[in-house]
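Q: Questions regarding the structure given below will be posed in turn.
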């Protein structure tokens, strides 16, 4: 993952409502939720929810799919994993170097 992609994803999640929406979609799994259901769940006007979903979608954190007349949103687990890998890529690197990699290269 490139740094600017990570910054975009983290920026999208750096807003409380969007973070809550994303965490709910992660819990829902691949079935996801319709935009209308999300609006109802968060007691939010459809236009406001649409704005938040657009931001999360633009960052690649959620993916929309059409089912009949509804747009269903679900978490993009691949992108989420890439972001986690990016954040942990150099975890404890200096500590390992100072310890001559005695712990097998794993963070604690």
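Q: When you go through (1) out of contact with any strand residue (DSSP E or B) (no Cβ under 9 Å at 6 or more places or on another chain); (2) within 17 Å of residue 5 (Cβ to Cβ); (3) modelled with pLDDT of 95 or more; (4) not in a loop (DSSP other than H, G, I, E, B) one by one for residue 63, which number turns out not to apply?
A: Every listed condition holds for residue 63 apart from (1).
Q: Now for a different question. Report every pair of residues separated by at least 6 positions or lying on different chains whose Cβ atoms are under 8 Å apart, first residue within segment 68-81 and without any contact (Cβ under 8 Å) to a residue 60 or more places away in the chain, second assigned to a loop (DSSP other than H, G, I, E, B) and surrounded by fewer than 20 Cβ atoms within 10 Å (Cβ to Cβ).
A: Pairs that qualify, where the first residue is without any contact (Cβ under 8 Å) to a residue 60 or more places away in the chain and the partner is assigned to a loop (DSSP other than H, G, I, E, B) and surrounded by fewer than 20 Cβ atoms within 10 Å (Cβ to Cβ), are 76/60.
Q: When you check residue 41 against the structure, is it within 20 Å of residue 9 (Cα to Cα), touching a helix residue (DSSP H, G or I) at 6+ places or on another chain (Cβ under 9 Å), modelled with pLDDT of 95 or more and surrounded by 13 or more Cβ atoms within 10 Å (Cβ to Cβ), yes or no?
A: On the way: within 20 Å of residue 9 (Cα to Cα): no; touching a helix residue (DSSP H, G or I) at 6+ places or on another chain (Cβ under 9 Å): yes; modelled with pLDDT of 95 or more: yes; surrounded by 13 or more Cβ atoms within 10 Å (Cβ to Cβ): yes.
It is false that residue 41 is within 20 Å of residue 9 (Cα to Cα), touching a helix residue (DSSP H, G or I) at 6+ places or on another chain (Cβ under 9 Å), modelled with pLDDT of 95 or more and surrounded by 13 or more Cβ atoms within 10 Å (Cβ to Cβ).
Q: What is the residue count in segment 9-23 for residues that are touching a residue at least 12 places away in the same chain (Cβ under 8 Å), in a helix (DSSP H, G or I) and surrounded by fewer than 17 Cβ atoms within 10 Å (Cβ to Cβ)? Walk me through how you get there before you give the answer.
A: Our first condition is that a residue be touching a residue at least 12 places away in the same chain (Cβ under 8 Å); within segment 9-23, this holds for 9-13, 15, 17-18, 20-22.
Remaining after also requiring in a helix (DSSP H, G or I): 9-13, 17-18, 20-22.
Cutting the leftovers down to surrounded by fewer than 17 Cβ atoms within 10 Å (Cβ to Cβ) gives us 10-11, 17, 20.
Of the residues in that region, 4 qualify.
The values are calculated or read from the model by the stated rules, or taken from the named source; none is laboratory data. Computed from a predicted structure; not experimentally measured. Positions of Cβ are backbone-derived with ideal geometry, glycine not excepted, and every protein chain shown enters the neighbour counts.
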